[in-house]
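To start, the structure itself, in C-alpha cells.
The values are calculated or read from the model by the stated rules, or taken from the named source; none is laboratory data. Everything numeric here is computed off the predicted structure, so don't read it as measured data. Neighbour counts run over all protein chains shown; Cβ positions are idealised from the backbone, glycine included.
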Amino acid sequence: MKHVIIGTAGHVDHGKSSLILALTGRDTDRLAEEKERGITIELGFTWLDLPDGSRSGIIDVPGHERFISNMLAGAGGIDLALLVVAADEGVMPQTREHLGILSLLGIPRGLIAVTKCDLADPELLELVEEDIREQVRGSFLEDAPLIRTSSVSGQGIDDLRAALFEAIQSARQDPLPLPFRLPIDRVFSLGGFGTIVTGTLIEGSLTTGDKAEVFPGGKAVRIRGIQVHEESVEKAFAGQRVALNLSGVHKDDLARGDSLAAPGSLLGTRLLDVSLTALADTAFPISHHMRVHLFHGAREVLARVVLLDRDILEAGQTGPAQLRTEEEIFTRYGDRFVIRFYSPLETIGGGVIVDPLPARRRRMNEKNALDFQIMAGSDPAARLALAVDHGGQDLALLDRAAYKAGIHENQRAALTDQLIQEGRIISLTDRTAVSREALDSLGRKASRLLQRFHTDRPLEEGMRREELRTRLMPRTDIQLSDLVIDRLVKQGILDSQKGLVSLAGFSVSLSADQEKAARELEALFAEAAYSPPGLDELSLSDKKIKVDPLISLLINQGTLIRLTPQILMHKDQVRAAWETVEKTIEEEGQISLAAFRDHLETSRKFAMALLEYFDRQKKTRLTGEVRVFYS
C-alpha cells in the first residue's frame, strides 16, 4: 500500500499552518522568525492520525511569493493537495500560482478548505466560493470537495478531517517496484547522531543498514537510522516523510536538492526531452532559448529552453522541448518539473520528462514529433524500441534504454523478448541490442565501404575485418562491432572468411593478362624454392600490370605464404620444409637451425624465417638451441 502525503497550498496568511494545527494539534512553524512574523518561511512537516490507525504525512508550504522556491522543494512529494483560501480575502495571486504549480506537477486529487469563515458573512462566503470554483475549473480540483472551516471556532475541522481520510483511502495504491529515491529537502546534524537528512520517499523502500548514493557527487553512504513521524522504524516506504541518520558523509557535503537513492540507480544528464506546458495565465510566454529556473524534486538549476517545433509557446499551450541545464541533473522518465522566469521570479510553466537521457536535438526536425509521440505514449514496448533505436550505430545498452523509456526492471525481460520476436530489435548480447533500423543502416554503410574497396582493389578478396570494424563503428567496443558484422554475414549482406570481409557474392575476377601475370609470379616463387626473391626485386614481363595487387591476391588465395613482412615463399616449399622438420624431430627428437639450413640448402635467413613461422603456428617451440614439437 502506498502511503499518501498531504500538501497545503495557498496565499500567504490564509491560515494554512493554523488549519494544520487545528487538524493535528501540532504546529509546523518551527523557526523563531516564523513565530514572530506569523508566516511560514520554510517547509513544515507533521502528520495526520487517521481513523484506521495509520498516519499520513503533511507538508506545510510557504505561501509568500518570496518563498515559492521553498514551496517547490516540498511540492514534488505531494500526493493529495489541500488548497487553502481565506474567506475574508478570496483567491489571491499565490493561490493561482500554487494551483498552477500543483497542476504542472500532476497532483491527481485534492480538497479545498475555505478558512477564516468566522470573519466573513454568508453573502461574502457565497461570492468567495463562486470565485474559487471559477478559478479551479478545468483543473484537478474542479470537482473537489469544498469545506468551510475556522481554526478559531473549530467549524468544519471534523468534516475536513473526514474528507481527507476519504480522499486518502481512494488515493492509496500499490507503489511501483522501483529502487528507492529521496529528494533531500533538509540537512542538519545532531550531537551524538551526526548527519540527518529529511525528505519524502517518492519511490521504493529503504531499510536500516542499506547502502545509498548521493546524487550528484556519487558519495557512498549508509542508512544508520530511520524515523517516520518522529518514531524510529526499521523500514520506510514510498509516500512517507522520513528523517535519515547517515554515516559516511558530513552535513556540509550535502544540500537541499541532492537526491539519496539506491547505488547506481540514477543517471545524470544536462539534456532533458520534455512535454512543456505554459501556464494559462502566465504573463511571460515561453520563448526559444529562454533562460529559466528549473525545479525538479527539491532541486533548482538554471536551464535554457529549446522549443523544438516553434519559436514561442503561448500561455496555455503544450509543446515538445529540450531543456539544456547548466548543471548535471538526475531524473527519471515521467518525472514532473516546474520552470520559473529568470527575472523576475515567476512561475511560467512546467511539464513531464519524456526522455531523461536524450541526445541533442535539432529544431524543426520532422522526426521530433514522432519521437515525442512515442516517448510520451502509453505503449512501453514502443518506447523501449525507440530507446534502443536512439542508441543508433553506437548500439544500446538495454538497461540504459529501459531507463530512458521508463521501463521497470520486472518488465524489461518480457518486453525485450517481445521486441526480438517481432524483429524490431536484435539482441547482440544479454545486455546489448540494436534496432532493426540501425542494423539496416549499418548494413548499408558496410555495403558502401566494401563496394568502394572492391572498386579500388579489385584483386583483393576482401577488407581485413579489423579495418572494416574500425571504419564501420569507430566508437563501439570491438566485440560488439564483431557481433554486428557476424549478424550482417548471417543476413547474407556480407561474406567473411580467412579474416577478410567482402560483399556477399563477390569474387576476384582476373583479366587474361592478369591471370598470365599471376601464374608468372607463382612460377617465379616456385622456381626460387628456398631462396625466394625480395619484394623489391619482383618484376613482370608485362610492365603495365602492377605487382602488389597480384601478390596480395596470391597471399589471400594461400598460394604464397608470408613468413615475415619481407619474406614470401611458395606454399609447396613451406609444406615440404615442414615435412623435413617433422621427420627429423620424430627420428632425432629435435632439429637445429644449422641442420635445417643445410638440409634445405638455403641461407640462415630463410631457414630462420621458416622455423619462426612454424613456432607461430604452434607446431614447434624453441628449447635452448634446438626446436621440438610444440606441447
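Is it the case that some residue within region 526-544 is under 30 Å from LEU468 (Cα atoms), in contact (Cβ under 8 Å) with a residue 40 or more places away in the chain and not in a loop (DSSP other than H, G, I, E, B)?
Taking every residue of region 526-544 in turn, none turns out to be under 30 Å from LEU468 (Cα atoms), in contact (Cβ under 8 Å) with a residue 40 or more places away in the chain and not in a loop (DSSP other than H, G, I, E, B).
Among the residues that make up region 503-518, is at least one of them in a strand (DSSP E or B), closer than 30 Å to LYS445 by Cβ and not assigned by TED's automatic domain parsing to the domain that holds ALA576?
To start, the set of residues in region 503-518 that are in a strand (DSSP E or B) comprises 503.
Checking which are closer than 30 Å to LYS445 by Cβ leaves us with 503.
Imposing the further condition that a residue be not assigned by TED's automatic domain parsing to the domain that holds ALA576 reduces the set to 503.
Looking for residues that are in a strand (DSSP E or B), closer than 30 Å to LYS445 by Cβ and not assigned by TED's automatic domain parsing to the domain that holds ALA576, one finds at least one in region 503-518, hence yes.
Does ASP417 fit the bill of being within 19 Å of the chain's Cα centre (by Cα) and among the acidic types (Asp, Glu)? Spell out the reasoning first.
Details: within 19 Å of the chain's Cα centre (by Cα): no; among the acidic types (Asp, Glu): yes.
Taking the combined requirement at face value, the residue does not satisfy it.
From the set of residues in region 191-220 that are among the acidic types (Asp, Glu) and either in a strand (DSSP E or B) or free of Cβ contacts under 8 Å to residues at least 12 places away in the same chain (or both), which is nearest to ILE58 (Cα to Cα)?
Step one: list which residues in region 191-220 are among the acidic types (Asp, Glu), which gives 203, 210, 213.
Narrowing further to those that are either in a strand (DSSP E or B) or free of Cβ contacts under 8 Å to residues at least 12 places away in the same chain (or both): 203, 213.
On the way: GLU203: 17, GLU213: 26 Å.
My answer is GLU203.
Output the number of residues of region 132-146 satisfying the condition of being in a loop (DSSP other than H, G, I, E, B) and either more than 39 Å from the chain's Cα centre (by Cα) or not hydroxyl-bearing (Ser, Thr, Tyr) (or both). Talk me through it step by step, then tell me what you get.
In the first step, residues of region 132-146 are kept if they are in a loop (DSSP other than H, G, I, E, B); the result is 137-145.
From the residues that got through so far, the ones that are either more than 39 Å from the chain's Cα centre (by Cα) or not hydroxyl-bearing (Ser, Thr, Tyr) (or both) too are 137-138, 140-145.
Number satisfying all stated conditions: 8.
Picking from GLU166, GLU129, which residue would you name as being over 30 Å from THR282 (Cβ atoms) and out of contact with any helix residue (DSSP H, G or I) (no Cβ under 7 Å at 6 or more places or on another chain)?
Details: GLU129 fails: over 30 Å from THR282 (Cβ atoms).
Result: GLU166 is the single residue among GLU166, GLU129 that is over 30 Å from THR282 (Cβ atoms) and out of contact with any helix residue (DSSP H, G or I) (no Cβ under 7 Å at 6 or more places or on another chain).
Of everything in region 156-177, what is assigned to a loop (DSSP other than H, G, I, E, B) and surrounded by fewer than 19 Cβ atoms within 10 Å (Cβ to Cβ)? Give them in sequence order.
As a first pass, look at region 156-177 and keep what is assigned to a loop (DSSP other than H, G, I, E, B): 156, 172-177.
Listed by number, the residues that qualify are ARG172, GLN173, ASP174, PRO175, LEU176, PRO177.
Going by the conditions given, is ALA577 touching a helix residue (DSSP H, G or I) at 6+ places or on another chain (Cβ under 6 Å), hydrophobic (A, V, I, L, M, F, W, C) and within 15 Å of ALA526 (Cβ to Cβ)?
Values: touching a helix residue (DSSP H, G or I) at 6+ places or on another chain (Cβ under 6 Å): yes; hydrophobic (A, V, I, L, M, F, W, C): yes; within 15 Å of ALA526 (Cβ to Cβ): yes.
So ALA577 passes the test.
Under 6 Å between Cβ atoms, at least 6 apart or on separate chains: pull out the pairs that start in region 115-135 with a residue that is assigned by TED's automatic domain parsing to the domain that holds LEU23 and under 24 Å from LEU23 (Cα atoms) and end on any residue that is among the basic types (Lys, Arg) and surrounded by 17 or more Cβ atoms within 10 Å (Cβ to Cβ).
Correct list of pairs: CYS117/ARG148.
What are the residues in region 459-476 that are surrounded by 14 or more Cβ atoms within 10 Å (Cβ to Cβ), among the acidic types (Asp, Glu) and free of Cβ contacts under 8 Å to residues at least 40 places away in the same chain, if any?
If the condition is that a residue be surrounded by 14 or more Cβ atoms within 10 Å (Cβ to Cβ), among the acidic types (Asp, Glu) and free of Cβ contacts under 8 Å to residues at least 40 places away in the same chain, then GLU467 is the only one that fits.
In region 477-513, what residues are surrounded by 16 or more Cβ atoms within 10 Å (Cβ to Cβ) and polar (S, T, N, Q)?
Hits for region 477-513 are SER481, SER496, SER502.
Looking only at region 406-458, filter to residues that are under 30 Å from GLY264 (Cβ atoms), polar (S, T, N, Q) and exposed (fewer than 14 other Cβ atoms within 10 Å of the Cβ); which one of those is modelled with the lowest pLDDT?
Taking the candidates together, the pick is ASN410.
Could you run through region 523-546 and say how many residues are more than 18 Å from LYS605 (Cβ to Cβ) and surrounded by 14 or more Cβ atoms within 10 Å (Cβ to Cβ)?
Total meeting the criteria: 4.
Scan GLU601, GLU587 and give me the residue that is over 60 Å from the mean Cα position of the chain (by Cα) and touching a residue at least 60 places away in the same chain (Cβ under 8 Å). Full working, then the answer.
Working: GLU587 fails: touching a residue at least 60 places away in the same chain (Cβ under 8 Å).
From the options GLU601, GLU587, the qualifying one is GLU601.
Is it true that ALA212 is among the aliphatic types (A, V, I, L, M) and outside the structural domain of ASP253 (by TED's automatic domain parsing)? Walk me through it before giving the result.
Numbers: among the aliphatic types (A, V, I, L, M): yes; outside the structural domain of ASP253 (by TED's automatic domain parsing): no.
In short, no.
Report, by residue number, each residue of region 346-375 that is in contact with a strand residue (DSSP E or B) (Cβ under 9 Å, 6 or more places away or on another chain), in a loop (DSSP other than H, G, I, E, B) and under 19 Å from ILE312 (Cα atoms).
GLU346, ARG361, ARG363, listed by residue number.
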